[in-house]
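S.K.: Take a look at the following structure, please.
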Amino acid sequence: MSDIKKVMTIGGATQDIFIHYQHPEIMHLQNATGKHAYLMLEEGRKIDVSELEYHTGGGATNAAVSFKRLGFDVTTFFKIGPDKAAEFIWSRMAQEDIDTRYIVHDTELQTGTSFIIPSPSGDRVVLAYRGANAHLRLQEIPLEELTCCHQLYITSLTGNSSELLVPITTQAKKHGIQVAVNPGSSQLVMGNRALRDSLKNIDILILNSTEASTFMRTLVHTIDRLKCFLYKEAPPQPEQAKGPRLLQGPIMYKDVCFDVRDFFKEVLNLGPNIVVVTNGAEGVYVAAKDAIYFHPSLPLKAISTLGAGDAFGSCFVAGLLYGNSVPEALVKGIINSTSVISHFGAKTGLLSRKELDAEFAKVTTKNVQKFTF
């Protein structure tokens, strides 16, 4: 019997179309929430496109390819339409030898498609058409087949699909399946409460810093004992402290003021064993029962940040499945996401297990910082 662990990914699938043109214009503005860069498209102007690149995207496909390259037996589940984009995604999954038997083909809805305009900084603007991704139904989810996997990895469930997080994670919990969830910003727009109600079934929760603030606000407004984090006016800013940015002082988001330690404590108390908050170019925070770990991002020239979160989250979970410690898995996740950021496309830079181990030997865990709650 094979000792290769089985992973199922659930979430979105898209065809990603990169639109390249010469001399993009950027405008920088600063407001109360900080500095922001805007990609400028002048009204009435015709812009000559120099190149189109076609890739697959969406959290379910990105994570599936990542797990597969890291040596796992992978099944993926998502919903696509009756179009060329669906054929493109299907063929790419087949090329990676990923089990696609549970993919749903809708005869009326179009396949999700993203139009991506890269910016000179390596960031991008994404015009996202969710399509079939936003219309998953409970009867389409292969709930009984979850019992055949060791790890369930759930990415963004957008639109009405966000409500399915509760029954999916409940089924997994019932059968003792490890569950990791990386919901994404689009899911948190509609599915914050579904995520809250699913926490008792989730082992690993992965969010970025903006998503963490959004989710903390939901927790504060729906759990009475957390009302103490509401504020009527902004508290005074503390003196600048040393150490990772999110651990330096309070985070203010709309009508909520909290410390990232508060966020980690509250979410861990509600179910998960591990909570991750990524913070872009600064680095990644991971909270377990005993401590908070932080590792800064690795230096690189960013080509495209698309897929960086999926690359980190899947590789972090893969490391834990292989028996790595939390600090080791943290560093390996950052190495994988760094490789993806160095390429166009969400999958191009995903590393094999051999490549990942070789890079980890160079980086090690020497820069992991550990903090108490």
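Taken together, the values in this text are just the output of simple stated rules run on the coordinates, not laboratory data. What you are looking at is a predicted structure, and each value in this text was computed from that prediction instead of being measured. Backbone-built Cβ (ideal geometry, glycine too); neighbour counts: all protein chains shown.
S.K.: With charges only on Cβ, +1 for K and R and -1 for D and E, what is the dipole size of segment 1-143 about its Cα centre, in debye, rounded to 20? Please list the in-between numbers first.
M.R.: Working: 14 positive and 18 negative charges, 75 e Å.
My answer is approximately 360 debye.
S.K.: Starting from 0.36 nm per residue, how many nanometres of slack lie between Arg137 and Glu87 once their C-alpha separation is accounted for? Let's see the in-between values first.
M.R.: Numbers: separation 50, 0.36 × 50 = 18.00 nm, distance 2.16 nm.
My answer for the length gained is 15.8 nm.
S.K.: What are the semi-axes of the equivalent ellipsoid for segment 145-292, taken as the square roots of 5 times the Cα gyration tensor eigenvalues, largest first, in whole Å?
M.R.: Numbers: eigenvalues 154, 56, 36 Å².
Semi-axes from the Cα gyration tensor: 28, 17, 13 Å.
S.K.: Report the calculated FRET efficiency for Asn273 and Thr372 (r = Cβ-Cβ distance, R0 = 22 Å), to the nearest 0.05. Before the final figure, lay out the partial values.
M.R.: Details: r = 18 Å, r/R0 = 0.80.
Efficiency, from the Cβ-Cβ distance: 0.80.
S.K.: Quick check: from the Cα gyration tensor, does segment 226-373 come out rounded (a/c under 1.5), prolate or oblate?
M.R.: Details: a/c = 2.09, a/b = 1.72, b/c = 1.22.
Taking the square roots of the gyration eigenvalues as a ≥ b ≥ c, segment 226-373 is prolate.
S.K.: Continuing with this model, one more query. I want to make sure I understand the PRE zone here: with the label point 7 angstrom from the Cα of Leu300 toward its beta carbon, which residues in segment 315-348 have backbone N atoms less than 14 Å away?
M.R.: Answer for this model: 315-316, 331-348.
S.K.: While we're on this one: Of the peptides 300-307, 327-334, how do they stack up when ordered by the mean number of other Cβ atoms within 10 Å, highest first? Could you put the intermediate results ahead of the total?
M.R.: Values: 300-307: 19.0, 327-334: 24.9.
My ranking of the peptides, most packed first, is 327-334, 300-307.
S.K.: DSSP loop (so not H, G, I, E, B), at most 12 other Cβ within 10 Å: list which trypsin sites (Lys or Arg not before Pro) in segment 1-47 pass both filters.
M.R.: On the way: sites: Lys5, Lys6, Lys35, Arg45, Lys46; in loops: Lys5, Arg45, Lys46.
Counting only loop positions with at most 12 other Cβ atoms within 10 Å, the trypsin sites (Lys or Arg not before Pro) in segment 1-47 are Arg45, Lys46.
S.K.: Give me the dipole magnitude in Debye, nearest 20, for segment 229-373 about the Cα centre, with unit charges on the beta carbon: positive for Lys and Arg, negative for Asp and Glu.
M.R.: 300
S.K.: Can you work out the PRE-style zone for Gln95? Point 7 Å along Cα to Cβ, and I want the residues of segment 2-29 with backbone N under 17 Å.
M.R.: 14-18
S.K.: Right, something else. In whole Å, how far is the Cα centre of segment 336-366 from that of segment 1-63?
M.R.: Taking the Cα centre of each part, segment 336-366 and segment 1-63 sit 20 Å apart.
S.K.: For Val125 and Ser325, calculate 0.36 nm times their separation in residues minus their Cα-Cα distance, and state this gained length in nm to one decimal.
M.R.: Numbers: separation 200, 0.36 × 200 = 72.00 nm, distance 3.55 nm.
Between Val125 and Ser325, full extension yields 68.5 nm more.
S.K.: Starting from the Cα gyration tensor of segment 83-211, take the square roots of the eigenvalues, sort them a ≥ b ≥ c, and report rounded, prolate or oblate (rounded when a/c is under 1.5, otherwise prolate if a/b is larger than b/c, else oblate).
M.R.: On the way: a/c = 1.66, a/b = 1.20, b/c = 1.38.
Because a/c hits 1.5 or more and a/b fails to exceed b/c, segment 83-211 counts as oblate.
S.K.: Suppose R0 equals 30 Å; then what is the FRET efficiency for Lys227 and His36 from their Cβ-Cβ distance, rounded to the nearest 0.05?
M.R.: Details: r = 31 Å, r/R0 = 1.04.
My answer for the efficiency is 0.45.
S.K.: Continuing with this model, one more query. So what is the 222 nm mean residue ellipticity for the chain from helices alone, if each DSSP H run of at least 4 adds -39500 (n - 2.57) and you divide by all residues, rounding to the nearest 500 deg cm²/dmol?
M.R.: On the way: 9 runs with 112 residues, N = 373.
Using -39500 (n - 2.57) per qualifying helix, the result is -9500 deg cm²/dmol.
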